[in-house]
Structure formats: structure tokens, C-alpha cells
Amino acid sequence: MISIINSSSAPSIQKNLSDQIKQITESSERLSSGKRINSASDEPGLISTVSKLNAKIASISQGLLNGFQAITLTQSAESGLSEINNLLSMIRALAVEGSDTTLTDADRTTLQVEIDAYLKEIDSIASNTKFDDLTLLDGKNTSVSFNIGNDASSSLSINLVDSDSVALDLSATSGVSEFTSGRVTSFNYSGANLAANDILINGENALAATLSTDLTSGNNTAAALETAINANSNTHGATATAFNSLTSSIISNLSMSNTFTINSNTISIQTSLSDLVAEINQEASGVTALLNSDNSITLSNTSGNDIVIGGNAPSDSGFTTGTYLGYLKLVNNDGTFVKIEANTLANGYSSNQGNIDDIARLGFNEVDSSTQISSDLVSTNALTVSHDIKINDTVVGASTSSSAASKAVSINAISSTTNVTASGHNLVTIVVNNSQSSAAASNISINGNAINFSSANTLSLTISAINNAAIGDIVASANSDGNLQLISSSGADIIIASSSAGTYFTSHTDATGANISTASSVTFKGQIQLTHSSTDTIKISGDDVAEIGMQAQASTSFPSAGSTISVSSSTNAASALTKIDTAIDTIANTRAKFGSAENRIEYRMNVLTNVQIASTSRLSKIEDADFALETAKFTKSQIISQAASSMLAQANANSNVLLRLIN
């Protein structure tokens with residue numbers, strides 16, 4: 001039957017043609033992208049697997065990159081350690097040279113300078129070996145982690161080892177196990193004895209017996225004090241070493257007009273600095289001369305004996321006539337902190353047996369177990385720019401007043417450079433006769449503030465009257481002996497004025513424990529405490545350090561402060577070899593740790609690369625298009641679509657046949 005209403009040939013052909021066009025589109029997309037799955041509708045059941053595999057492969061790629069970064073870190077650290085090992089080899093060679101008994105003192109000094117320079121370079125390498133901004137060998141960082149994988153459990157930790165000279169036990173932080181004084185002071189102890197317990201070292205008597213010797217200039221003061229301190233070394237656990245050092249002014253052009261003497265030995269006229277040094281080493285007893293790089297000359301000895309400069313024209317050679325006393329170095333035998341203090345109430349002892357001045361004569365400041373340094377009373381002068389005071393070689397500027405509080409502010413102004421902070425403190429202890437309160441009335445003032453004591457017939461009422469006056473940061477309280485004490489936590493001056501001195505306030509004691517006579521007006525100066533932020537060396541130098549109540553300290557001894565490697569004798573040099581060999585072994589072990597870490601990283605990266613290959617292969621099998629199959633499908637669909645197009649044209653031609661039948 002020929003039908004014209006519901007003819008089905010054309011729609012059927014159109015459907016087949018549409019199906020083939022869809023197939024051609026799918027095959028074209030797969031062939032052009034190379035992927036069988038281009039959208040979730042292609043394989044809904046596998047889209048999750050594909051997504052996870054893609055994420056895993058991307059994570060593995062980043063993990064491999066992390067591995068390369070970790071290898072770079074280990075190689076950087078190993079490179080720094082290799083250079084440290086080279087320096088240790090050079091130091092060892094110098095120590096072997098120092099074991100030779102034929103060397104002169106000058107030879108040994110030169111060797112020590114070179115060793116100390118290499119130790120400083122080791123510290124420089126340790127602090128400058130970095131991965132980006134992360135230091136690897138200075139102990140500031142203990143470990144670093146890299147994720148060499150594709151999940152949280154893939155983290156690999158690399159331990160970082162402190163490899164500076166202190167960690168290698170080749171240097172010691174000055175002030176930790178050794179403490180070096182300024183010049184000791186000439187003093188006649190036969191007139192004012194120094195009792196065995198006036199000064200305490202590590203909480204024990206500094207001396208074994210009372211010192212009653214004349215130790216004025218010319219009596220080798222430092223050497224005598226060394227003997228006195230070491231006589232009680234078994235009790236306080238420290239050893240004193242005396243030495244002396246004197247450096248001339250810089251000599252730009254040597255022109256000697258006459259001879260001069262060193263320790264009464266005549267030094268003849270020389271025409272060059274090198275000849276002058278040779279002449280001193282040949283003629284002067286008790287000293288070794290060294291020509292410095294700035295054309296100054298340093299005279300030194302390891303006995304602590306006085307160095308006496310005299311004669312006709314010492315100034316031509318940069319020296320000044322005088323007797324120069326030596327220095328002391330204190331070292332705890334167990335390597336712990338040295339603590340030296342006066343036996344005073346302020347330091348927690350039962351009485352003011354000693355005084356901080358006793359310590360000052362030995363060239364020391366009070367030092368506690370955290371390398372905090374306490375001063376004597378500050379001077380009555382404000383600091384000016386003309387004062388020569390340095391903290392860790394940085395100049396201290398002017399102060400607004402002479403108080404300890406003001407001077408502490410000036411020291412703190414340079415803290416960013418010195419790493420040293422200062423705090424002031426003042427303490428006045430007063431014996432009060434409360435029965436004389438009515439006589440005191442308003443006749444007593446503190447820092448210019450008149451206080452009415454007329455009704456203060458007990459110590460507690462005296463304390464209340466002072467505290468109610470609100471005088472700066474001065475706080476009144478009672479001490480354990482039932483006496484009045486005035487404390488300024490900033491170190492402000494405390495000035496007590498009275499028209500009836502000695503009646504109500506019957507006696508005074510300053511912050512050092514010294515008794516101060518009552519008078520119409522008495523000014524009590526405070527003290528300063530210095531603290532290093534890293535528990536390291538505090539060097540105090542300059543001609544005017546007494547203005548801040550301090551003694552010069554941390555002068556360089558022989559060997560230089562900080563170095564524990566000494567070639568000052570063949571015995572010391574031989575002993576140093578053991579320390580150096582231990583350091584070499586330590587560096588070798590550290591290098592081995594970084595080497596094994598690098599090998600671990602490489603093995604892990606190899607495994608990770610295999611996982612990456614397997615994951616990529618699996619993804620390929622799931623996601624990649626089969627080009628042969630898709631090409632065959634594409635070709636088949638093209639042929640069928642072309643045939644369908646032809647058949648659709650033929651179906652449309654059937655209308656002409658029907659029209660001819662009607663005609």
C-alpha cells in the first residue's frame with residue numbers, strides 16, 4: 001500500500017542519520033582529545049576513579065619535586081660540613097706544630113692567632129650555611145621535614161646538627177665557664193685585710209686564709225692574687241690564672257730618640273718596628289712582644305707579673321711610663337658558670353662581711369650564674385659623649401642624669417647592637433628611732449618631699465608615711481632585721497635630707513652594704529645590672545667604666561677568650577689534639593647522617609617514580625581512547641551517514657511518483 005498520511009520511511013531514515021552523526025561526534029571528540037572519558041556521562045561509574053588517579057599523579061609529581069628540594073638541602077649542609085672538616089684539619093696541623101718544644105712564645109702566639117681565626121671561620125660557616133633562609137648548622141633549627149609522597153604519612157624528617165666551634169667543644173662562650181677581669185688594683189692588704197670570706201666564688205670562700213700582704217704596684221699583684229684564690233680551689237671549684245697584656249699606641253713611623261726600659265731591661269734604639277719587636281723579645285725579661293697588624297705592639301706574659309715601662313723615651317715606641325698590673329681569669333673546673341660576689345646582705349647573706357669594692361680590686365664585677373653582671377655604685381657624674389665606655393665594643397651615649405636609672409637607659413639605647421640590657425636598682429637600709437618621731441616632725445625629706453613623721457611612733461607608721469607620699473618609684477618596707485628599707489626598682493637616686501640628722505634616722509647603709517654617716521643631706525647612688533639576651537659574653541671596656549660602677553672585663557687572655565684550644569705550651573698543644581680529633585669524628589658522623597638522609601630520599605623517590613608510572617598506566621587504561629577502535633567507528637559512521645543521506649533524498653523523491661499517479 002502506498003500511503004501519504006503516515007509514511008514512515010523518512011522519519012526512520014532521519015533517526016538513523018541522527019544516530020550516526022552522534023557516533024561521529026563522539027568518535028571525533030575521543031580522537032581529538034585522546035581520551036575515552038571526556039565527561040561524567042561517558043563513564044559515570046569510573047569518573048570517581050579517574051579523578052582520584054589524576055589527583056594522586058599530581059601529588060606524586062609534587063612529592064618528587066619536594067624530594068629534589070630535600071636533596072639540595074642535604075647537599076648544602078654536607079658542603080658546609082666539608083669546609084668545616086678542612087678547617088679542622090688545618091687546626092690539627094697547627095696543634096701538631098705547637099707540640100714542638102723548640103717553639104718560642106712569639107711562635108706560639110702566632111699559631112694561636114691562626115687557630116682562633118679558623119675557629120671564627122667555622123662559626124661563620126655554621127651560621128651562613130642555609131637552605132633559603134633556614135640555617136642548617138648553627139643549632140637554631142633542630143630538624144626539617146619534607147613530604148616525599150602523596151599523603152600525610154609520606155613525611156621524611158632530616159635532623160640538623162649544631163656544628164659551630166662551641167658545639168664541637170673547641171670554643172667556650174666567655175662568661176659561661178671562664179670570666180676574665182680588668183686590671184687588678186694596687187692595694188696594701190696589710191693595712192686593710194681581705195678576710196677569706198669577704199668575697200665568695202660559687203658561694204664558697206674565695207680565699208683559704210686572710211690576705212694581709214702589701215700588693216701595691218711593683219709587687220706582682222695579679223700573680224699573688226692567683227696564688228691566694230687557688231689555695232682554696234678545692235672548696236670553691238674554680239681556678240684562677242694570672243696574665244698580663246699591654247698594647248702600645250699605633251706607631252705610624254718609628255723614630256726612637258733614645259732608649260727605654262721594660263722591666264728594668266734596656267731596649268736600644270731601633271729603626272724598624274720588626275727590629276724593635278725582636279729587640280724586646282731578646283732583651284726584656286718576663287714579656288713577649290708581638291707586632292700587630294695596625295702597627296701597635298703588644299707585650300704579654302702568662303705569669304700575671306707587673307709590666308714596668310720606664311727609661312728615657314718610651315713614648316717614641318708608643319708606650320707610656322708606668323707600672324701595669326696584670327689580669328685574672330677564673331674558670332670553673334667542671335665547666336659550669338663562674339659566680340663571684342661580695343658577702344653582703346644584698347646578695348642574701350647574713351651580714352655585710354664584704355663589699356663590692358673588694359671584688360673591684362680584683363678587677364671583677366659581681367657575676368651570678370646566668371652571666372648577669374652587677375655594678376658597684378654608679379658615679380655622681382652624668383655620662384657625656386666624651387666618656388670612654390663601651391659595652392661589647394659599642395659606645396655608650398650620654399645620660400640625662402647621674403642616676404643608675406638614667407645610665408641604664410643609655411645602655412639600653414644600644415641593646416640592639418650589644419644584645420645586653422641594663423636595669424637599675426637602689427636600696428637604702430635605715431635604722432629608725434621611732435621614739436624620736438615628734439622631734440622628726442616634718443624635718444626630714446626624701447628626694448625633696450618633706451614627710452611628717454610626728455605621729456610615726458612605730459616602723460609600720462613610718463613606712464605608711466613614706467609610701468603615702470608617693471615619691472617616684474621609691475617603696476618603703478621592713479627588712480628581716482626589722483629595719484626600714486627604701487627601694488627604687490629603676491635605680492633612681494635616693495636623697496635623704498634632715499635638719500636633725502641622726503635623731504630619727506640614726507644610721508644608713510647603701511646598696512653595697514656600706515655604712516654611710518648621717519648628715520644634713522645624703523645622696524645614695526644606685527647600681528646597674530647587665531644581662532646578655534643569649535647568655536653570652538658581656539665585654540665592658542673603656543677608660544671611664546667606673547662612671548657606671550663597673551670594672552673593665554672580658555679582656556682577651558692567652559689563649560683568647562672563647563677558645564679552648566691552646567698551643568701556649570707543647571703539653572697544651574698535645575692535649576688539644578684529642579679535642580680536635582673528637583671534633584673531626586663528630587663532623588664525619590654528621591656528614592654521614594646527611595649522606596644517609598640523601599640516600600633515603602633517593603630510594604623513596606625511586607619508589608615514588610614507580611608508583612607514578614603504575615598510576616599513569618592504570619589511568620591510561622581507563623581513560624585513554626582506543627585509536628584503532630575509534631577510527632573504525634568513525635569511518636563506519638561516516639559511510640552509514642552518507643548512505644542515510646542518500647536514502648533520505650530517495651525517500652523525498654517518492655512524492656514525485658505519487659503526483660505522476662494522480663496525473
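The values are calculated or read from the model by the stated rules, or taken from the named source; none is laboratory data. Worth saying up front: this structure is predicted, and the values here are computed from it rather than measured. Ideal geometry is used to build each Cβ from the backbone, glycine not excepted, and the neighbour counts take in all protein chains shown. Each accessible area value is taken on the protein alone, full model and side chains, heavy atoms only, with ligands, DNA and RNA left out. Shrake-Rupley method; radii C 1.70, N 1.55, O 1.52, S 1.80 Å.
Using Cα centres only, tell me the gap between the stretch 167-239 and the stretch 57-91 in whole Å. Centre-to-centre distance over Cα atoms comes out at 49 Å.
If the limit is 20 Å between Cα atoms, which of K130/K579; K120/K329; K120/K539; K120/K140; K339/K539; K130/K539 go over it? Can you show the working numbers first?
Numbers: K130/K579 27 Å; K120/K329 22 Å; K120/K539 18 Å; K120/K140 18 Å; K339/K539 16 Å; K130/K539 29 Å.
Check vs 20 Å cut-off fails for K130/K579; K120/K329; K130/K539.
Largest first, the three principal axis extents of the alpha carbons in the stretch 436-522 are 30, 27, 26 Å in whole numbers. Seen from N188, the other residues with C-beta closer than 12 Å to its C-beta sum to a net charge of 0, counting Lys and Arg as +1 and Asp and Glu as -1.
Determine, at each q value in 0.12, 0.18, 0.23, 0.25 (inverse angstroms), the log₁₀ of I(q)/I(0) that the Debye formula gives when each Cα of the stretch 405-468 is one equal point scatterer. So the normalised log intensities work out to -0.49, -0.68, -0.91, -1.02. Could you tell me whether the stretch 246-293 comes out rounded, prolate or oblate from its Cα gyration tensor? Rule is a ≥ b ≥ c as square roots of the eigenvalues, rounded for a/c under 1.5, then prolate if a/b exceeds b/c, otherwise oblate. It is oblate, given that a/c is not under 1.5 and a/b is not larger than b/c.
When the solvent-accessible area of the stretch 274-418 is split by element, carbon and sulfur atoms take up 46 percent of it, the probe being 1.4 Å. Take the stretch 150-301 with all the other protein chains still there, run a 1.4 Å probe, and you get 41 Å² of accessible area per residue. Sorted into 5 angstrom bins from 0, the C-alpha pair distances of the stretch 297-418 split as 2, 8, 12, 14, 16, 17, 15, 10, 4, 1, 0 percent.
For the stretch 383-478, report the accessible area per residue in Å² (1.4 Å probe, heavy atoms, rounded to an integer). Mind showing how you got there, number by number?
On the way: 4140 Å² over 96 residues.
Heavy-atom accessible area per residue stands at 43 Å².
Among residues other than F260 with Cβ under 14 Å from its Cβ, the summed charge is -3 (Lys and Arg +1, Asp and Glu -1). Give me Rg/Rg_expected for the stretch 354-428, where Rg uses Cα atoms only and Rg_expected = 2.2 N^0.38 Å with N residues. Normalised Cα radius of gyration, the stretch 354-428: 1.12. Rg and Dmax of the stretch 93-140, both derived from C-alpha coordinates alone, stand at 15.6, 49 Å.
Just flag the trypsin sites (Lys or Arg not before Pro) in the stretch 113-169 sitting in loop per DSSP whose Cβ has no more than 12 other Cβ atoms within 10 Å.
On the way: sites: K120, K130, K140; in loops: K140.
Within the stretch 113-169, the qualifying trypsin sites (Lys or Arg not before Pro) (loop, at most 12 other Cβ atoms within 10 Å) are K140.
Using a probe radius of 1.4 angstrom, the carbon and sulfur fraction of the accessible surface of the stretch 147-264 is 42%.
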